[in-house]
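The values are calculated or read from the model by the stated rules, or taken from the named source; none is laboratory data. Not measured: the values here are computed from a predicted model. Note that each Cβ is placed from the backbone with ideal geometry, even for glycine, and that neighbours are counted across all protein chains shown.
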Amino acid sequence: MVLSTVMDTVIPSVSPPVLSPSIVKGTFGDSVTLPCDGPPYVQSPEDQLDVLWQTDGGKKVARFSRGVHSVGFHFTKRVTFLTEDIRRGDFSITISSIAFSDEGAYECVWKSQKHSEKVLDVKLDIMEPPFMQKLSVPAGESVTFQCYVHVNKQASDRLVVQWKRGDELVLKLISEKVTYGRMYAERATVSPDRIQKGDFSLFLNVTGLCDSGAYQCSTDEGQNGTPVVLEIKEYGQFDAVNISLGMAFPLSLPGEPVKV
């Protein structure tokens, strides 16, 4: 008697093991790539390719689903997620103009009709960009003081932001309402939109000699930016300029206020 053995064919799952979180560091304002390698899915038919990037809180960053790209609201025009790379099993995305509000954990997820499989966790750390801490401009020129602070995403629209020159108030912003120091009304501005991203930079227009000094930003949460020292060049430091009748030329404001 001949015994025959029937072997069942076992098809292995394409699910890869989830790796330890990958840590990516980027500088405020730059572009950064969040890696995700998905070779087990590379043989999947085009109409079954479905890859989702989201924050650990479930907010959509980008998705490629059956040939269609879509991007989350806060990442519009900032995400690169190439179809050709996805077909090769490279599910990485590139985020441009990164801000402190982008900092946190991200998930690369493979989606099928029946379930979702997390491929990789990525933690994104944002670093403060380098900037000048000593500035020197001619009297009458404009100047920007840069300041970057890690902000709480949930409280970014309720932050109290303040700029001072020494102990003197330059500007204070509370819920988009601005209070100015005595000498800075209509000369000092900040951007509420950029503040929500962690950029507290101050723009000061029409500088005078009395504007020299150390400027610093702060928040009501006790966060302080790096002080920036401003030096205003005196008028005697400039060369003489010849002008003709009818020619326009800039006129700098005087330094210290004159009491009459």
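Taking the range 80-96, which residues are surrounded by 13 or more Cβ atoms within 10 Å (Cβ to Cβ) and in a loop (DSSP other than H, G, I, E, B)?
Within the range 80-96, Phe81, Leu82, Gly89, Phe91, Ser92, Ser96 meet the criteria.
In a strand (DSSP E or B), β-branched (Val, Ile, Thr), more than 21 Å from Phe28 (Cα to Cα) and touching a Leu at 6+ places or on another chain (Cβ under 8 Å): does that describe Val206?
no
What pairs come out if I take residues in the range 38-56 that are without any contact (Cβ under 8 Å) to a residue 60 or more places away in the chain and assigned by TED's automatic domain parsing to the domain that holds Val122 and pair them with residues that are part of a helix (DSSP H, G or I) and of a type outside the set (Asp, Glu) whose C-beta lies under 7 Å away, six or more apart or interchain?
Filtered contacts from the range 38-56: Leu49/Ile86.
Within the range 186-199, identify whether any single residue is among the basic types (Lys, Arg), over 24 Å from the mean Cα position of the chain (by Cα) and outside any helix (DSSP H, G or I), and answer yes or no.
Checked against the condition, which is being among the basic types (Lys, Arg), over 24 Å from the mean Cα position of the chain (by Cα) and outside any helix (DSSP H, G or I), the range 186-199 yields at least one hit.
Being in contact (Cβ under 8 Å) with a residue 60 or more places away in the chain, under 23 Å from Asp37 (Cβ atoms) and not in a strand (DSSP E or B) is the filter here; which residues of the range 105-141 pass it?
Scanning the range 105-141 gives a single hit, Ser112.
Among the residues of the range 10-23, are any within 30 Å of Pro129 (Cα to Cα), modelled with pLDDT of 75 or more and outside any loop (DSSP other than H, G, I, E, B)?
For the range 10-23, residues within 30 Å of Pro129 (Cα to Cα), modelled with pLDDT of 75 or more and outside any loop (DSSP other than H, G, I, E, B): present.
Is it the case that Glu141 is closer than 30 Å to Ile86 by Cβ and either surrounded by fewer than 16 Cβ atoms within 10 Å (Cβ to Cβ) or more than 26 Å from the chain's Cα centre (by Cα) (or both)?
no
When residues of the range 66-79 are filtered for being in a loop (DSSP other than H, G, I, E, B), under 18 Å from Gln48 (Cβ atoms) and in contact with a strand residue (DSSP E or B) (Cβ under 7 Å, 6 or more places away or on another chain), how many remain?
Number of matching residues: 1.
Quick one: how many residues across the range 26-53 are part of a strand (DSSP E or B) and farther than 13 Å from Ile95 by Cβ?
Going through the range 26-53 one residue at a time, the tally reaches 4.
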